[in-house]
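Below you'll find the structure, written out as structure tokens, and then a few comments.
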Amino acid sequence: MLSRSSFTSLVVGVFAVYVAHTCWVMYGIVYTRPCPAAAGGGGAAAAAGCVWPYLSRRPKLQLSVYTTTRSSIGAESNIDLVLNVEDFDIESKFERTVNVSVPKKTRNNGTLYAYIFLHHAGILPWHDGKQVHVVSPLTTYMVPKPEEINLLTGESATQQIEAEKQTNALDEPVSHWRSRLTLNVMVEDFVFDGSSLPADVHRYMKMVQLGKTVHYLPILFIDQLSNRVKDLMVINRSTTELPLTVSYDKISLGKLRFWIHMQDAVYSLQQFGFSEKDADEVKGIFVDTNLYFLALTFFVAAFHLLFDFLAFKNDISFWKKKRSMIGMSTKAVLWRCFSTVVIFLFLLDEQTSLLVLIPAGIGAVIELWKVKKALKMTIKWQGLRPKMQFGTYSDSEKKTEEYDTQAMKYLSYLLYPLCIGGAGYSLLNVKYKSWYSWLINSFVNGVYAFGFLFMLPQLFVNYKMKSVAHLPWKAFTYKAFNTFIDDIFAFIITMPTSHRLACFRDDVVFLVYLYQRWLYPVDKSRVNEYGESYEEKPKKKAHRE
């Protein structure tokens, strides 16, 4: 069996290998090896295996965007031209908004496609043998977000009828309009090695033979990561026109390959069951940040995962060995369990990203288990009916409980009026989807705004006992690292504002714990007042001669 230190070292080692491997893979994506024959100037015969850029010939190009309800077209029939950019300059960035006619088929939950052609100027796309085109749906299907109402004032009769119609169709996905279309062209005069074309770019390349050399036509790319849920619009049956913002920017080969891999990753998440909203949160990380900040985000996320695992491991290990509640605030444990479960239900009600929801769910399960340990609870089954039994407390534990009760008494004078007042204020002034939503929001606002007050009983117990030896400092340390990492993620991942503010609140509480750690130092070389020794090693059994 591996010892705890060996297991931790193994996990850290695997983590280091994972980070190194990821860096190597990222380098392979960003850097592409050029054709050696072209770089060495070996002449036409030597460069025959190279694939040359058609854009190096500086052709005059034109960009045309068409819409149609068909997924494939062969001629110009049944298509509408919505944007035509003559003398298209691949180096110049632009953004234009056009009105698109919405056919009746699309208004009845049908699909509308955009065909984007890059072709020679003055020639229709289907008459140009060297044109390139890409196809993108301008519609997608999603369940509409439920409308929020004032629970006390209610609605008028007309609003009630509309709400009932909406409720009946709430679980049915309807057609939504993608209001943005982002285009890119790879502008580097890069010469590929024909024998080792990157698989990611190869599927976007179209080759033509010009004399003795092979050229690849301009690589036209649609940035699907820019299609965000916040830009979607519900298509009503009475709508005949909708706005479409077409934006263009050049892109380098390295960024193009990186973007292709990221789009494939988001698509894979959806195949594994992630919803459109969850995938949208991942898109936001890539689109709303620059590449350098994105690289920092990757390393921060990797360390957050490591510290999360180590914190959970040490917390479970500490409570698994815990036999006494001396010096530990039982009410603080109960409050942490309640607040963690409420936060999890709140995040679930707000349809928060799984990136936030899954760790919150795991934390809630662990806190429930810790309550069972703190209350010395055992569950025995009598047939199908569970029976709970609670253990007894020693005199020292009862002394701790007195300090705990004293602290909670002082806190209740401040905490309960604030929570009740906040719930009443939100009921009068804020709109909610249902009474359940109001209840969960009221609980979670109390947790976020005043929840740190429930951490004070443990600080009060530490003060009265002049000791911090009973606390799980290893788990605290890893959680502290994650708290500071959460401060960074608070600006990156979309989450409720109250959850974002709670990340900074935890910083203050941990600093107080650190002050108490300095004020009441622990001598690890001796057995402390709770019968625990930090440097005590398990005794080996004596061998019989």
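The values are calculated or read from the model by the stated rules, or taken from the named source; none is laboratory data. None of these values were measured; they are calculated from a predicted model. Here the Cβ is made from the backbone with ideal geometry for all residues, glycine too, and neighbour counts use every protein chain on show. These area figures cover heavy atoms from the full protein model, side chains too; ligands, DNA and RNA do not enter into them. Shrake-Rupley method; radii C 1.70, N 1.55, O 1.52, S 1.80 Å.
Some observations on this one:
A quick yes/no check of all residues on (1) touching a helix residue (DSSP H, G or I) at 6+ places or on another chain (Cβ under 9 Å); (2) of a type in the set (Ser, Thr, Tyr); (3) on the phi > 0 side of the Ramachandran plot; (4) modelled with pLDDT under 65:
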residue: Leu118; (1), (2), (3), (4): yes, no, no, no
residue: His133; (1), (2), (3), (4): yes, no, no, no
residue: Pro137; (1), (2), (3), (4): no, no, no, no
residue: Gln159; (1), (2), (3), (4): no, no, no, yes
residue: Val174; (1), (2), (3), (4): no, no, no, no
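- If you go through region 208-231 and keep only what is in contact with a helix residue (DSSP H, G or I) (Cβ under 9 Å, 6 or more places away or on another chain) and over 22 Å from Phe192 (Cα atoms), you end up with Asp223, Gln224, Leu225, Ser226, Asn227, Arg228, Val229, Lys230.
- Boolean, Phe443 is modelled with pLDDT of 70 or more, assigned by the TED database to the domain that holds Phe312, of a type in the set (Phe, Trp, Tyr) and open to solvent by 50 Å² or more (accessible area, probe 1.4 Å): yes
- Single residue of region 31-47 satisfying the filter (loosely packed, with under 14 Cβ neighbours inside 10 Å and touching a helix residue (DSSP H, G or I) at 6+ places or on another chain (Cβ under 8 Å)) that is modelled with the lowest pLDDT: Gly40
- Residue check for Arg237: touching a residue at least 40 places away in the same chain (Cβ under 8 Å), in a loop (DSSP other than H, G, I, E, B) and outside the structural domain of Phe390 (by the TED database): yes
- Scanning region 430-441 for residues that are more than 11 Å from Ile343 (Cα to Cα) and either part of a helix (DSSP H, G or I) or of a type in the set (S, T, N, Q) (or both) yields Ser434, Trp435, Tyr436, Ser437, Trp438, Leu439.
- Qualifying residue in region 256-272 (condition: under 24 Å from the mean Cα position of the chain (by Cα) and among the small types (Gly, Ala, Ser)): yes
- Considering Asn99, Asn109, the condition of being open to solvent by 30 Å² or more (accessible area, probe 1.4 Å) and at pLDDT below 90 is satisfied by Asn109 alone.
- Matching option when the condition is in a helix (DSSP H, G or I), assigned by the TED database to the domain that holds Trp438, open to solvent by 60 Å² or more (accessible area, probe 1.4 Å) and free of Cβ contacts under 8 Å to residues at least 12 places away in the same chain, among Ile358, Ile362: Ile358
- Selected residue (only one of Asp231, Asp278 is open to solvent by 20 Å² or more (accessible area, probe 1.4 Å) and in contact (Cβ under 8 Å) with a residue 40 or more places away in the chain): Asp231
- Output for region 182-203, where each listed residue is touching a residue at least 40 places away in the same chain (Cβ under 8 Å), more than 20 Å from Arg58 (Cα to Cα) and outside any helix (DSSP H, G or I): Thr182, Asp193, Gly194, Ser195, Ser196, Leu197, Pro198
- Flag for Leu269 being in the same structural domain as Tyr113 (by the TED database), in contact with a strand residue (DSSP E or B) (Cβ under 7 Å, 6 or more places away or on another chain), part of a helix (DSSP H, G or I) and not small (Gly, Ala, Ser): no
- Scanning region 447-468 for residues that are at pLDDT 65 or above and within 25 Å of the chain's Cα centre (by Cα) yields a count of 2.
- Of Val266, Val246, Val187, Val208, all but one fail to be open to solvent by less than 40 Å² (accessible area, probe 1.4 Å) and either in contact with a Pro (Cβ under 8 Å, 6 or more places away or on another chain) or under 21 Å from Leu294 (Cα atoms) (or both); the exception is Val266.
- When Arg58 is tested against (1) at pLDDT 80 or above; (2) out of contact with any strand residue (DSSP E or B) (no Cβ under 8 Å at 6 or more places or on another chain); (3) on the phi < 0 side of the Ramachandran plot, only condition (3) is not met.
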